[in-house]
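First up is the structure itself, then whatever we jot down about it.
The values are calculated or read from the model by the stated rules, or taken from the named source; none is laboratory data. Keep in mind it's a predicted model, so treat the numbers as computed, not measured. Here the Cβ is made from the backbone with ideal geometry for all residues, glycine too, and neighbour counts use every protein chain on show.
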Amino acid sequence: MNPRRLAAVKGTFYPDNCKKLSIYFQKFTDAIGSTLQKSDIYKLTPRAIIVPHAGYIYSGFTANVAYKLLSKTKAKRIIIIGPSHRHYFQGISGSYYESYETPCGDMNIDSDYLIALAKKHNIGFEPKAHASEHSTEVQVPFVKHYLGDTDIIELVYGDISAELVSEIITTLLSDKENAVVISTDLSHFHDQTKANQLDEHCLQAISKLDLSELEKGCEACGMIGIKAMILTAKKLNYNSHLLDYRTSADYSGDKSRVVGYTSAMFY
């Protein structure tokens, strides 16, 4: 067992300093506004969320809305599932480490649970898939901030069917002590108008739990995760609710080449 999953993108995707991180989270929360926080949706507690994974200055607010809701969960274990961006492999890989580094202190990885899950679902270990994967890593400081000493597990998938990932998620959510985080960005590097058109198919698919909408133009990098979560939600009779949508242009002002971000909850 490797002792520690080192943070590979701290200082680039998010601050490498705990105090600065806390300021980010506070600013994101302040920006949500009291009206939204008093809405009926804020009375709900999700079993799973979809969140983006870009640099915090671009997608942190969108992710934060979902984590504010997830913070109400009594889950003892958060399982973060995201696509491998830098290493091609077949299947899905688990974080076979003892702990996960964050700027605000390490988080414990529930290795015993992961081993039991792996035996049931053939989850392997591809060290290169974890070493520099940002889709999952950028979620961990959020979990640390909002859920404290909750145990975590990181699952990074490569070439695998959404049906197999859905089977894993279904097993995870059959345990009330678990909550699931699905990591994905939406369209990449189209102009704002085109991005909005493509992303609308992703949003409709998530909102209506309609897989056919994904085939109409959704370009999410975490498409497998989205499909798997929709399949699981339908199987477990969950409802879904979109929380936020925006693009990188909301921060950069550049509408010529944008990346789309959304967050959603399942309950």
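When Ile169 is tested against (1) closer than 14 Å to Thr62 by Cβ; (2) touching a residue at least 60 places away in the same chain (Cβ under 8 Å), just one condition goes unmet, and that condition is (1). Among all residues of the range 19-30, there is none that is more than 18 Å from the chain's Cα centre (by Cα) and not in a helix (DSSP H, G or I).
The set of residues in the range 82-141 being assigned to a helix (DSSP H, G or I), surrounded by fewer than 22 Cβ atoms within 10 Å (Cβ to Cβ) and either in contact (Cβ under 8 Å) with a residue 40 or more places away in the chain or on the phi > 0 side of the Ramachandran plot (or both) consists of Ser111, Tyr113, Leu117, Lys120, His121, Pro127, Lys128, Ala131, His134. Pairs needed: first member in the range 2-24, at negative phi; second member anywhere, surrounded by fewer than 17 Cβ atoms within 10 Å (Cβ to Cβ) and among the polar types (S, T, N, Q); C-beta distance under 9 Å; at least 6 residues apart or different chains. Every condition considered, the pairs that remain are Ala8/Ser132; Val9/Ser132; Lys10/Asn17.
Exactly one of these conditions fails for Ile153: (1) of a type in the set (Val, Ile, Thr); (2) more than 15 Å from Ala118 (Cβ to Cβ); (3) touching a Leu at 6+ places or on another chain (Cβ under 8 Å). Give me its number. The single condition Ile153 does not satisfy is (2).
If you check Thr29 against the conditions, is it exposed (fewer than 14 other Cβ atoms within 10 Å of the Cβ), over 21 Å from Asn178 (Cβ atoms), at pLDDT below 95 and among the β-branched types (Val, Ile, Thr)? It is false that Thr29 is exposed (fewer than 14 other Cβ atoms within 10 Å of the Cβ), over 21 Å from Asn178 (Cβ atoms), at pLDDT below 95 and among the β-branched types (Val, Ile, Thr).
Of all residues in the range 167-217, exactly one satisfies the criterion of being surrounded by fewer than 19 Cβ atoms within 10 Å (Cβ to Cβ), in contact with a His (Cβ under 9 Å, 6 or more places away or on another chain), under 18 Å from Ala48 (Cα atoms) and of a type in the set (Asp, Glu), namely Glu167. If you go through the range 38-64 and keep only what is of a type in the set (S, T, N, Q) and closer than 23 Å to Gly222 by Cα, you end up with Ser59, Thr62, Asn64. Do we find that Ala264 is assigned to a loop (DSSP other than H, G, I, E, B), at negative phi, of a type in the set (A, V, I, L, M) and surrounded by 15 or more Cβ atoms within 10 Å (Cβ to Cβ) in this structure? So Ala264 does not fit the description; no. Within this structure, Asp151 passes the test of being buried (at least 21 other Cβ atoms within 10 Å of the Cβ) and among the acidic types (Asp, Glu).
Scanning the range 179-232 for residues that are assigned to a strand (DSSP E or B) and farther than 18 Å from Ala249 by Cβ yields Ala179, Val180, Val181, Ile182, Ser183. Taken over the range 144-178, residues that are in a helix (DSSP H, G or I) and of a type in the set (Lys, Arg) amount to 1. Of the residues Gly222, Gly158, only one is farther than 19 Å from Leu70 by Cβ and not β-branched (Val, Ile, Thr); which? Exactly one residue qualifies, and that residue is Gly158.
Would you pick out the residues in the range 26-47 that are farther than 30 Å from Thr232 by Cα and not acidic (Asp, Glu)? Answer for the range 26-47, where residues must be farther than 30 Å from Thr232 by Cα and not acidic (Asp, Glu): Gln26, Lys27, Ala31, Gly33, Ser34, Thr35. Would you point out the residue of the range 48-81, among those that are assigned to a loop (DSSP other than H, G, I, E, B) and of a type outside the set (A, V, I, L, M), that is modelled with the lowest pLDDT? Per the stated criteria, the residue is Lys74. Given the structure, is Leu69 touching a Pro at 6+ places or on another chain (Cβ under 8 Å) and surrounded by fewer than 24 Cβ atoms within 10 Å (Cβ to Cβ)? Judged against the criteria, Leu69 is a match. Look at (1) in contact (Cβ under 8 Å) with a residue 40 or more places away in the chain; (2) closer than 18 Å to Gly60 by Cβ; (3) out of contact with any Lys or Arg (no Cβ under 9 Å at 6 or more places or on another chain) and you find that Gly253 fails only one, number (1).
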